[in-house]
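One structure is given here, and the rest of the page talks about it.
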Amino acid sequence: MEELIEKSTSVLLNNWKQGFTIPTQRLYPFQWNWDSGFTALGQMHFNVDFAIQEMQNLFSGQWENGMLPHIIFHSENEDTYFPNYDFWNAQVNSGAPVKPKTSGITQPPVHGFVLEALVNKFPSNQKVLSFAKDLFPKILKLHQWFYTYRDPQREGLTIIYHPWESGRDNSPLWDNSLARIIIDKDTLPKYTRKDTSISEASERPTSDEYDKYVYLLELGKKYKYEERAIFDESPFLIQDTLMNAILIRSNKALIQLGTRLGFDVAEIEEWQQASIPKFNEKLWYDALDTYVVYDLRGQTQIKHKEIGGLCALFAEIPDLEKANKLNDYLQGLHARDFFLCPSFDPEDALFDSKRYWRGPIWPQMNWIVYHGLKAYGFEATANIVKNNFFELVNKLGLHEYFESQKSLVKNLEKGYGGSDFSWTAACILDLIHEQS
Ligand code: DGY
């Protein structure tokens, strides 16, 4: 454990750029939104000032309407990533900051529960408390943006219009919705991917998928990143399980924190009263015994078992009967010799054990599912989720994502995607400290 603490700390120190942390060298050379939230969970165990600065610098990219972009381009000189700040051209929206430059879409709002963890660890540290008082209204503004602009039907379930917002870029979940996009090579701007010259192409999204990501980015830009017009036109409009579960979990954290710090939380309680029942009603799918995402454009559930459905546990959305079904599913995978938790169901024909979000295990997802299982008292499964993660990291390094089939892991020497990855290191540190 000592060695793992040392290695993880040094990854976070090496990826630290005087105020914020990059996810990994070259592949992701800027500040990413939900990555930074998890990074702060690790930093707080060795340098609470880093955790504070990480979050402050992230929120320096917040737009006037409250939106928190998925990338903050603190540096304008890096050339190893596409799409860079100039391609996003967020300035078409008058509420985007001039500096730092940002992207034009968001990511799962982890900041509420990250701030809660920080305050729980340092309950009487004045610096932490005054930082929490400063950050709370900014996180609240982000949640207000979600419920104002991303929930047009006032259902309590928010919408994404780009797969990158879900965090699970190329999950098979999006295949049918993306198939509605017909690419006209003459009108799509010319671009060159950088990711596949840095990372294995077979572990990354395909070029067809990238064309569609660029198409949806262009759609946002065309409408100055204003939701109403985007929603009228976008072929991709999804009510996502992961996104909404993380929002609901962070709402819960804000209620707890706000009460402690003297903020009014009535509005947040109202969101919870609408969101939790709607999540159960609209996203549960009996035949698969799991929560699934809803395609708002096609007016239909997207019926696949995958990691997003399991996030509901973390927000304590399911009743005991549903929670048991989710737990049984994980126990079944464990019994069939899979490491937990694959990002997509291995029994599904669309499962691909190597390709990004089409199957591999993701560190931050194990952190989320672990805490979700614990919230229901599923200690045995929670420990498998945690120990499998430790086993993979010990054998394959602090990588971005991992193979889930035990028979294949035996013959591998490293994990998939980027190496020396910040959220992998941070989740390891947080889990080690929780256990001690
Ligand atoms: C990427 O570049 O693959 C990210 O996931 C989206 O920003």
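The values are calculated or read from the model by the stated rules, or taken from the named source; none is laboratory data. These numbers were taken from a predicted model, which means no experiment stands behind them. Quick reminder, even Gly has a Cβ in these numbers, built from the backbone with ideal geometry, and neighbours come from all protein chains shown. Just so you know, the surface numbers come from the protein's heavy atoms only, side chains and all, with ligands and any DNA or RNA stripped out. Shrake-Rupley method; radii C 1.70, N 1.55, O 1.52, S 1.80 Å.
What the phi angles of segment 280-294 give under the Karplus curve with 6.51, -1.76 and 1.60, with θ = phi - 60°, is a coupling list of 5, 6, 8, 10, 6, 10, 4, 5, 9, 6, 8, 7, 10, 7, 10 Hz, glycine and proline written as x.
Contact order for the chain, expressed relative to its length and based on alpha carbon pairs under 8 Å spaced 6+ residues apart, stands at 18 percent. By accessible area, using a 1.4 Å probe on protein heavy atoms only, the chain has 46% of its surface on carbon and sulfur. Measuring between their Cα centroids, segment 46-118 and segment 357-436 lie 26 Å from each other. With all protein chains kept in place, the per residue accessible area of the chain amounts to 37 square angstrom at a probe of 1.4 angstrom. For segment 391-436, GluC sites (Glu not before Pro) are listed when DSSP marks them as loop and at most 14 other Cβ atoms sit within 10 Å of their Cβ; the list is Glu413. Stretching His433 away from Lys190 to a fully extended chain increases their span by 82.8 nm, per 0.36 nm per residue minus the current alpha-carbon distance. Principal axis extents of the Cα atoms in segment 2-435, from largest to smallest and rounded to whole angstrom, are 53, 50, 44. What accessible surface, in Å², does a 1.4 Å probe find on Lys17, ignoring ligands, DNA and RNA and rounding to the nearest 10? In the full protein context, Lys17 sits at about 90 Å². Considering the chain as a Gaussian network with a 10 Å cut-off on Cα pairs, which listed residue, Asn120, Asn84, Asn244, attains the greatest mean-square fluctuation? Its mean-square fluctuation being the largest, the pick is Asn120. What the phi angles of segment 160-168 give under the Karplus curve with 6.51, -1.76 and 1.60, with θ = phi - 60°, is a coupling list of 10, 10, 9, x, 4, 5, 6, x, 10 Hz, glycine and proline written as x. If you run the Gaussian network model on the chain, springs between alpha carbon atoms under 10 Å, then out of Lys185, Lys325, Lys212 the most flexible one is Lys185. Remark on Gln301: its backbone amide H falls under 5 Å from those of Asp295, a criterion applied only to residues 5 or more positions apart or on other chains, H modelled at 1.01 Å from N.
Using a Gaussian network model of the chain in which every pair of alpha carbons under 10 angstrom is joined by a spring, one finds that among Ala274, Ala179, Ala349 the greatest mean-square fluctuation is at Ala349. Bridgeable lysines around Lys127 (alpha carbons under 25 Å apart, same-chain partners fewer than 8 residues away excluded): Lys17, Lys138, Lys141, Lys252. With 25 Å as the limit on Cα-Cα distance, the pairs of Lys325/Lys406; Lys190/Lys414; Lys305/Lys354; Lys278/Lys305; Lys386/Lys410 that go past it are Lys190/Lys414.
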